[in-house]
Amino acid sequence: YEYVIIGTQPLNILSSGPKGKISGATDYIPIFLNIQTDNGYKNGDALCYYYQSKPKQEEDYILFLDTGGNNHTQRQDLPPRNYNYYFKCVDLGGNAVYNSTSFTVESDRIPPVIARAYKESGELRIISNKPSECSYSTKDCNFEIESGIKMNTDNNLAHTSDWSVNTNLYIRCKDKYNNQPNPNTCSIVLRPTKTDTKKDVVAFGGY
């Protein structure tokens, strides 16, 4: 029988993640572990494993759900806190490589807050404390943000509309996670007006 021995280079992990902060607006945030392998047997063709703490023995590692090539992914639904994940990848030639990643899961369930309201360049301007989409009604707070009169914005923090004296503006804002005020509740109620001294001011109403 012919017996062939094939030499291989060491297996490498080119990248792994996630890293940094991962945010959502639920109790459990979906995140995706990911690894890219190369070299070794057939240009990184390998099986990859993970463990959500430093494993005490090799058998602790859990096989990725999507693995077997050179791109490997595994979904995890995690509550907010800091995480350290440890990885192991092995190819058909027995080459093994280890790696780890650290990240933080955050849950943001707080609607935007209006920090300032003032007149600038003939317009009403409001400043939200985080990137938001804002719209208003001149009737009341009982409207959907998508159906309100959309406020203009350049950076999703500063929002503008026409300065209309003695008109109530019922403003509602939401962030990218759809955090917004409760139904029939405003982020802020404003009334641009002019005082006896002819000075333009913004009167704040109830939320």
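The values are calculated or read from the model by the stated rules, or taken from the named source; none is laboratory data. As the structure is a computational prediction, the values presented were derived from the model and not from experiment. Positions of Cβ are backbone-derived with ideal geometry, glycine not excepted, and every protein chain shown enters the neighbour counts. SASA here: full protein model, heavy atoms, side chains in, ligands and nucleic acids out. Shrake-Rupley method; radii C 1.70, N 1.55, O 1.52, S 1.80 Å.
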Just to be sure I understand the model, the point goes 7 Å from the Cα along the line to the Cβ. What's the resulting Asp27 to Ser121 distance in nm? 4.6 nm
Toward the positive end of the charge dipole of the chain, about the Cα centre and with charges on Cβ (Lys, Arg +1; Asp, Glu -1), which of Ala115, Tyr28, Asn182 goes farthest? Ala115
Packing-wise, with mean Cβ within 10 Å as the measure, how do 136-143, 186-193, 28-35 rank, highest first? 186-193, 28-35, 136-143
Mind listing the lone cysteines of the chain, meaning no other Cys beta-carbon sits under 4.7 Å from theirs? none
Net +/- balance of residues flanking Thr160 in space, Cβ distance below 14 Å, scoring K and R +1, D and E -1: -1
Which label marks the calculated value of Rg and Dmax of the Cα atoms in Å, given the options [x] 18.0, 54; [y] 20.9, 67; [z] 27.2, 105? [z]
How big is the dipole moment of the stretch 54-137 about its Cα centre under a simple scheme where the beta carbon of each Lys and Arg is +1, that of each Asp and Glu is -1, and everything else is neutral? Debye, nearest 20, please. 420 debye
Starting from the Cα of Thr185, step 7 Å along the direction of its Cβ; do the same at Asn12; then give the gap between the two resulting points in nm. 5.4 nm
Among the lysines, which fall within straight-line cross-link reach of Lys174, defined as a Cα-Cα distance under 17 Å, with same-chain neighbours fewer than 8 residues apart omitted? Lys130, Lys150
Stretch Asn168-Ala96 to full length: gain in nm at 0.36 nm per residue minus the Cα-Cα span? 19.2 nm
Determine the per residue accessible area of the stretch 1-118 with all protein chains present and a 1.4 angstrom probe, expressed in square angstrom. 62 Å²
Once normalised by the length of the chain, the mean sequence separation of its alpha carbon contacts under 8 Å that are 6 or more apart gives a contact order in percent of 16 percent
Near Leu92, within a Cβ-to-Cβ distance under 13 Å, what is the net charge of the other residues, with Lys and Arg +1 and Asp and Glu -1? -1
